[in-house]
Every structure is written in C-alpha cells, then in structure tokens.
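Just below is one structure, and these are the notes that go with it.
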Amino acid sequence: MTAGEPAADAASSFDPLRPRLVRVAYRMLGSIADAEDVVQDAFLRWLGTDRGAVREPEAFLRRVVTRLCLDQLKSARHRREDYVGPWLPDPVVEPEPVEDVTLPLMLALERLSPLERAAFLLHDVFGLGFDEVAEAIGRDPAACRQLASRARDHVRAERPRFPVEKGHGLEIAAAFFAASREGDMTSLRTMLASDVAVYSDGGGKRPAGLRPIVGFDDVMKLWESLARFFRKGTSQVVRYGFVNGLPGFVTRENDGMLQTTALLVEDGQIRAIYVMRNPDKLGHLEPTRH
C-alpha cells in the first residue's frame, strides 16, 4: 500500500459527507470559513482513525465536528465582544427559501450557551435523538433534553411562524431595492412595519451602523440620507435570492464591493433589514476568477 492510499480511502468515505458536516458546523458557528476549517480538521482526525472500527461514519464525524465547534464557540464569544458594530452571520444565498434556521434564529442562537446551541440544533433542526445528541456533546440524554428545552424557550419567538411565499418574498425584495435606490420614499413607507429595524455589519472594514436602527421614523431618516448617496453612483443587483432563509439580494455597490440585504417579511411588511457589508464575510460570493 502506498502512502497516498490511506488518504484516498479516507477521502472516499469522507467527501460525500462533507456538505452535511459543513452545514452542521455553519449552523453552529455562523461563519463559513470557520465551518470549513472545522470540517477539514475533522477530516485530518478521520485520516488518523481506525475507520474499519467505525460502524456509522456520519454519526462519528458529526460528533467530531460538534465537539470542535464547541471549542470554537468558546473563543468566538470573546471575539464577538470586541466586534465593531452589530455582528451578523456570514450570508448564505440560495435560490430557494430555507426555513429550518433563518437569519433571526441564527442571531437568537448567539444568546445561548454553546451546549444549549448544540443540543437545540442537533435535536430540533437536524432531527437527532437525545441518545445521539448526548454522545455528540458529552452529556447524558436527560441533560441534553433539558438543554434543548431551555434553548427552545429562548428562541421560540424567532422561529418562522408564517414563512413568506417564495414568489411574494422576491417581489418584495425587488420592490425594496428599486424604492431604496431610486429614493422613492412614498413606496418605502408602505413597505415598512412600524417597528422595523435595520442591522448592518461592516466589521469595522466598511461604513455601517455601530448599533441597530429601530423604529419607523429613524429607519426612514436613514433611507432618506442614503438616497442622496445612491444618486451619486450606481448600485447593481447581482442576483435575487434567499439570504439565510430570508428574501433579499446581492448587490455590487458604488465602491465595487459586494453587499447582501436580507428582509424579514411578516404580514406583507418588512420588519427587519439585515445588511452585510463586511468584506471578510462576502468573499465566498465573489465569482470565481480564472
């Protein structure tokens, strides 16, 4: 057997599972780069494992990924405390709505302890039994049941209650883009809920609000000031889609950088606007250059 054969054998059993493992890690961490690093670390551990003794590779690797994520979350908590302005998860843009973990729910998960977050995601989102959750996080099943229950109580308000229909959501996103870029304040007023809020993440790298802007009047003032800015240049839609489960769009802004906008729509009105401007979180959306 050559030195390359063990690696090829490990990759052949690992690679089909990689997308699902990245999905677990991303839901835990909110960072695509961190999720990919964790999954690659899991592969290196898989390479050194007696794979013939592993009866269920996916369950084994999910446990490895979960434990690596728990370690990451402890350090991430400290990094978030030093973050400039509101923190938003890396945007994942998809053509279809994903309703299991939308952007508001991901933000709610940030308020949980790492163990609560893991128990909730593994059981409520990925559908694992509490025996398997217990193996993954190193607690007994009764404790895991309690952790998931506490998490559920904390995030209940952020679970999607009446998900917006795909076509309607994309229509609202297109109307919002047109009105906000053209300075059509009359149309914007009809779209926004009275308690609308804007969250923008620039990470200290690009201009963005240092705190959320909450309330109809303040949000309208923001868009009135932005309208003057938009008139000076062009903001082009790269594509419409669902940003972390919410209708929205990817744009190329006046500075040449990408930006994502996600809209929380309830009862036909926009209740929250999430704008990602941090270039460190947008690189994966850039078209591949050859």
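Numbers at a glance
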item: More than 21 Å apart - percent of Cα-Cα pairs taken over the range 123-248; result: 58 percent
item: Three-way shape call for the range 63-139 based on the alpha-carbon gyration tensor, with the a/c threshold at 1.5; result: oblate
item: Under the Karplus curve 6.51 cos²θ - 1.76 cosθ + 1.60, θ = phi - 60°, whole-Hz ³J(HN,Hα) for the range 9-17, x wherever Gly or Pro sits; result: 5, 5, 5, 5, 8, 8, 4, x, 8
item: Contact order relative to length of the chain, as percent, for alpha carbon pairs under 8 angstrom and 6 or more apart; result: 19 percent
item: Label-point separation, GLU81 to SER187 (7 Å along Cα→Cβ), nm; result: 4.6 nm
item: Cα-based reach from LYS232 at 28 Å (exclusive), listing lysines while leaving out same-chain residues under 8 positions away; result: LYS205, LYS221, LYS281
item: Net charge, GLU94 excluded, C-beta distance under 15 Å - Lys, Arg +1, Asp, Glu -1; result: 0
item: Accessible area (Å², 1.4 Å probe, nearest 10) - VAL22; result: 40 Å²
item: Length gained when the stretch VAL237-ALA178 is fully extended (0.36 nm per residue, less Cα-Cα span); result: 20.2 nm
item: Sequence-separation-based contact order of the range 234-290, relative, with Cα cut under 8 Å and 6+ spacing, percent; result: 23 percent
item: Computed label-point distance, nm, for sites GLU94 and ARG145 using a 7 Å Cα→Cβ extension; result: 3.1 nm
item: Amide H contacts of VAL265 (H built 1.01 Å from N, under 5 Å, at least 5 apart or other chain); result: ARG271
item: Whether the range 1-63 is rounded, prolate or oblate, judged on the alpha carbon gyration tensor where a/c under 1.5 counts as rounded; result: prolate
item: Estimated FRET transfer efficiency when R0 is 51 angstrom, pair ASP71-GLU171 (beta carbons, to 0.05); result: 0.75
item: Portion, in percent, of the accessible area of the chain that falls on carbon or sulfur, probe 1.4 Å; result: 52 percent
item: Dipole moment magnitude, nearest 20 debye, the range 1-116 about Cα centre, only Lys, Arg, Asp, Glu C-beta charged; result: 380 debye
item: Size of the chain as Cα extents on the principal axes (Å, biggest first); result: 67, 48, 38
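The values are calculated or read from the model by the stated rules, or taken from the named source; none is laboratory data. Source: prediction; values computed, not measured. FYI the Cβ positions are ideal-geometry reconstructions off the backbone, even for glycines, and counts take in every protein chain you see. These area figures cover heavy atoms from the full protein model, side chains too; ligands, DNA and RNA do not enter into them. Shrake-Rupley method; radii C 1.70, N 1.55, O 1.52, S 1.80 Å.
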